[in-house]
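Everything below concerns the one structure shown next.
Nothing in this text is a laboratory measurement; each read-out follows from the coordinates by a stated rule. All values derive from a computational prediction rather than experimental measurement. Neighbour counts are summed over all protein chains in view; Cβ atoms, including those assigned to glycine, are modelled from backbone coordinates with ideal geometry.
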Amino acid sequence: MTSHPKILLLQARDAGDPAKPEEVRSFARHSGVEPSQVVPWDLLTGPPGMAEVRRHDVLMVGGAGDYYVSKRNLPHFDALMNRLREIVDAGFPTFASCFGFQCLVEALGGEIVHDAEQTEVGTYAVTLTTDGKQDELFGDLPATFAAQLGRKDRATAAWDGIRSLASSKRCPVQALRIPGKPVWASQFHPELDRASNLERFECYLDGYASIMSPEELAATLRSFRDSHEANGLLRRFLKLVLE
């Protein structure tokens, strides 16, 4: 693997969002690199050009605070969709997480819907599909594993040419791979562990309180647990695409 890989991290977060610097640290920690190797890009200013993307070894796309693919409320959203299609066409090594997963689905012809009633926030059991068990990246995971989630949007289903690699009880598509390309994405957060996801939940507690009862909030706080297997995905991704 490249001894000092540079990761371009696309972020859709407001300037005052405390998750913005935390996200850089989390991607670095679970990619096995130093924070200085993760170069953040603010999507609120628009997507990077392909020349900027190619100045890095891999691309990662993170979550979002107040922005939803279902609502298309991110500035320069259409430009981001076009850039993601270019990135996939070029076969540039990419891993997209949560909001990034949803952007990739939308860009490539899938459907993202707002589904607050089936919100997943906390630690959930995710199960590999048959395709997931055969995938060169996800196939190293156990058949069912714990993963960190924090979402209100979701993909409705896999679509032509794209197959789901994993699912959960509330979400039929938890991961995908673009066939023939070094491009993967997960609805869950492989960059978050128990502590960082709990911190993220507490940061956005007011937003979740608007859709969850006090009992549901208390149960969610008790539900966070470790997700060691899922947290190994980003390291394996880097090894796979850079060796």
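For region 139-194, name all the residues that are among the hydrophobic types (A, V, I, L, M, F, W, C) and in a strand (DSSP E or B). Steps first, answer last, please.
Initially, region 139-194 is screened for residues among the hydrophobic types (A, V, I, L, M, F, W, C), giving 141, 143, 145-147, 149, 155, 157-159, 162, 165-166, 171, 173, 175-176, 178, 183-185, 188, 192.
Of everything in region 139-194, those that are among the hydrophobic types (A, V, I, L, M, F, W, C) and in a strand (DSSP E or B) turn out to be Phe145, Ala146, Ala147, Leu149, Ala155, Leu165, Ala166, Ala175, Leu176, Val183, Trp184, Ala185.
Just wondering, is there one or more residues in region 30-38 that are free of Cβ contacts under 8 Å to residues at least 24 places away in the same chain, part of a helix (DSSP H, G or I), buried (at least 18 other Cβ atoms within 10 Å of the Cβ) and within 14 Å of the chain's Cα centre (by Cα)? Break it down into steps so the answer makes sense when it comes.
As a first pass, look at region 30-38 and keep what is free of Cβ contacts under 8 Å to residues at least 24 places away in the same chain: 34-36.
Still in the list and also part of a helix (DSSP H, G or I): 35-36.
From what is left, the residues that are buried (at least 18 other Cβ atoms within 10 Å of the Cβ) are none.
The answer is no, given that none of the residues of region 30-38 is free of Cβ contacts under 8 Å to residues at least 24 places away in the same chain, part of a helix (DSSP H, G or I), buried (at least 18 other Cβ atoms within 10 Å of the Cβ) and within 14 Å of the chain's Cα centre (by Cα).
With respect to Thr119, is the statement that it is in contact with a strand residue (DSSP E or B) (Cβ under 9 Å, 6 or more places away or on another chain), under 14 Å from Trp41 (Cβ atoms) and hydroxyl-bearing (Ser, Thr, Tyr) true?
Values: in contact with a strand residue (DSSP E or B) (Cβ under 9 Å, 6 or more places away or on another chain): yes; under 14 Å from Trp41 (Cβ atoms): no; hydroxyl-bearing (Ser, Thr, Tyr): yes.
So Thr119 does not fit the description; no.
Exactly one of these conditions fails for Arg222: (1) part of a helix (DSSP H, G or I); (2) in contact (Cβ under 8 Å) with a residue 12 or more places away in the chain. Give me its number.
So Arg222 meets the others, but not (2).
Of (1) surrounded by 14 or more Cβ atoms within 10 Å (Cβ to Cβ); (2) of a type outside the set (Asp, Glu); (3) closer than 21 Å to Leu165 by Cα, Leu80 satisfies all except one. Which?
For Leu80, the failing item is (3).
Does Thr144 satisfy being surrounded by fewer than 24 Cβ atoms within 10 Å (Cβ to Cβ), closer than 22 Å to Arg72 by Cβ and in contact (Cβ under 8 Å) with a residue 12 or more places away in the chain?
Values: surrounded by fewer than 24 Cβ atoms within 10 Å (Cβ to Cβ): yes; closer than 22 Å to Arg72 by Cβ: no; in contact (Cβ under 8 Å) with a residue 12 or more places away in the chain: yes.
Judged against the criteria, Thr144 is not a match.
Would you check if Phe138 is closer than 30 Å to Ser3 by Cβ, in contact with a Gly (Cβ under 6 Å, 6 or more places away or on another chain) and of a type in the set (A, V, I, L, M, F, W, C)?
Working: closer than 30 Å to Ser3 by Cβ: yes; in contact with a Gly (Cβ under 6 Å, 6 or more places away or on another chain): yes; of a type in the set (A, V, I, L, M, F, W, C): yes.
It is true that Phe138 is closer than 30 Å to Ser3 by Cβ, in contact with a Gly (Cβ under 6 Å, 6 or more places away or on another chain) and of a type in the set (A, V, I, L, M, F, W, C).
When the residues of region 44-73 are filtered to those that are among the hydrophobic types (A, V, I, L, M, F, W, C) and crowded, with 19+ Cβ neighbours inside 10 Å, which remaining residue is farthest from Arg235 (Cα to Cα)? Working first, answer last.
Taking region 44-73 and keeping what is among the hydrophobic types (A, V, I, L, M, F, W, C), we get 44, 50-51, 53, 58-61, 64, 69.
Keeping just the survivors that are crowded, with 19+ Cβ neighbours inside 10 Å gives 53, 58-61, 64, 69.
Numbers: Val53: 20, Val58: 12, Leu59: 14, Met60: 12, Val61: 15, Ala64: 22, Val69: 27 Å.
Ranking the qualifying residues of region 44-73, first place goes to Val69.
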